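The values are calculated or read from the model by the stated rules, or taken from the named source; none is laboratory data. None of these values were measured; they are calculated from a predicted model. Methodologically, a virtual Cβ is constructed for each residue, glycine included, from the backbone with ideal geometry; neighbour enumeration extends over all protein chains shown. Accessible surface areas use protein heavy atoms only, side chains included; no ligands, DNA or RNA. Shrake-Rupley method; radii C 1.70, N 1.55, O 1.52, S 1.80 Å.
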Amino acid sequence: YFTDDITELTKMKISGGVAIPANQRAIIWASGEPQRGVNHLNFSLSAEGEFIALVHPDGETIVDSISFGKQGTDVSFGRETDGAYSRRFFSPASFNSQNKASDTYLGILEPQHFSHESGFLQNSFDLSLSSPNNATLYYTDDSSEPTPSDLNSKIYNHVNQYAEFPNQSNGSFITKFYRTYQYQTPVSIIDKTSQGIYYAGIATTYDQNPNYFPSNNHRIHTIKAVASKPGYLDSDVISQNY
């Protein structure tokens with residue numbers, strides 16, 4: 001039997017047709033849709049964490065079980081190596097393949113905390129970031145994705161004026177850059193009105209002064225942050241706009 005309820009050990013009886021050859025594996029889907037086949041269970045499992053057990057034919061003896069916590073997208077969780085006692089997270093996921101110690105992580109870091117939520121603000125302020133896992137935090141202030149493994153500036157070119165007619169050449173390039181920073185001290189969030197238009201000011205047509213340029217003085221300061229720690233999978237990237 002399979003079960004996700006310690007008080008109901010015979011919740012899902014394994015019918016005939018599921019055979020596992022020596023040194024092989026079988027995929028059992030906790031889909032909650034047993035009508036889809038003999039390898040589909042009549043219950044599903046929560047990504048927030050749950051319990052599952054394999055029960056002896058006597059309906060009373062638990063052969064093996066596992067209680068797991070919150071899971072991550074495209075990350076698997078299981079024994080550190082096939083048959084080992086310790087359990088780890090795997091990335092890349094080990095679906096239908098051997099569990100490899102080289103792909104294991106101790107856990108998935110919790111998202112970092114921002115001292116201020118997104119919103120319109122009247123005054124400048126210092127934004128503080130913190131990690132519940134005592135991890136190192138990395139952030140960007142240019143809307144790019146933070147990359148803990150590379151803190152060097154990345155330069156890129158963007159066409160600032162496209163050809164209007166066939167056989168015309170595009171206009172000149174605008175050179176810009178993006179960069180990831182390691183968080184050490186609070187980030188200063190300031191009024192950026194005087195800095196001009198950064199992204200919206202890039203023309204995406206043949207017109208150097210298109211009518212979609214913003215006419216008001218609103219500017220967005222976007223901070224994206226991620227937590228990183230040796231032996232753990234990075235947290236989700238969290239973004240706030242001010």
Per-region count, segment 14-49, residues closer than 23 Å to Gly72 by Cβ, out of contact with any helix residue (DSSP H, G or I) (no Cβ under 8 Å at 6 or more places or on another chain), open to solvent by 50 Å² or more (accessible area, probe 1.4 Å) and not in a loop (DSSP other than H, G, I, E, B): 1
Restricting attention to segment 137-149, report how many residues are surrounded by fewer than 16 Cβ atoms within 10 Å (Cβ to Cβ), modelled with pLDDT of 95 or more and farther than 20 Å from Ala200 by Cα. 0
In segment 196-242, the residues that are at pLDDT 75 or above and polar (S, T, N, Q): Thr204, Thr205, Thr222, Ser228, Ser235, Ser239, Gln240, Asn241
Between a residue in segment 101-116 that is over 23 Å from Glu48 (Cβ atoms) and any residue that is open to solvent by 40 Å² or more (accessible area, probe 1.4 Å), which pairs come within a Cβ distance under 6 Å, given they are 6 or more apart or on different chains? Ala101/Glu80; Ala101/Thr81; Ser115/Ser128
Note on Ser102: of the conditions (1) assigned to a helix (DSSP H, G or I); (2) touching a strand residue (DSSP E or B) at 6+ places or on another chain (Cβ under 7 Å), unmet is (2)
Would you confirm, using the coordinates I've provided, whether Gln184 is part of a loop (DSSP other than H, G, I, E, B) and surrounded by 15 or more Cβ atoms within 10 Å (Cβ to Cβ)? no
Segment 72-110 - residue that is of a type in the set (Asp, Glu) and open to solvent by less than 70 Å² (accessible area, probe 1.4 Å) and, of those, nearest to Tyr232 (Cα to Cα): Asp103
Restrict the check to segment 57-66 and report whether at least one residue is of a type in the set (Gly, Ala, Ser), outside any strand (DSSP E or B) and surrounded by 13 or more Cβ atoms within 10 Å (Cβ to Cβ). no
Every residue in segment 156-171 that is farther than 30 Å from Leu109 by Cβ and part of a strand (DSSP E or B), please. Asn157, His158, Val159
Which of the residues that make up segment 106-128 are under 24 Å from His218 (Cβ atoms) and either hydrophobic (A, V, I, L, M, F, W, C) or assigned to a strand (DSSP E or B) (or both)? Phe114, Phe120, Leu121, Phe125, Asp126, Leu127
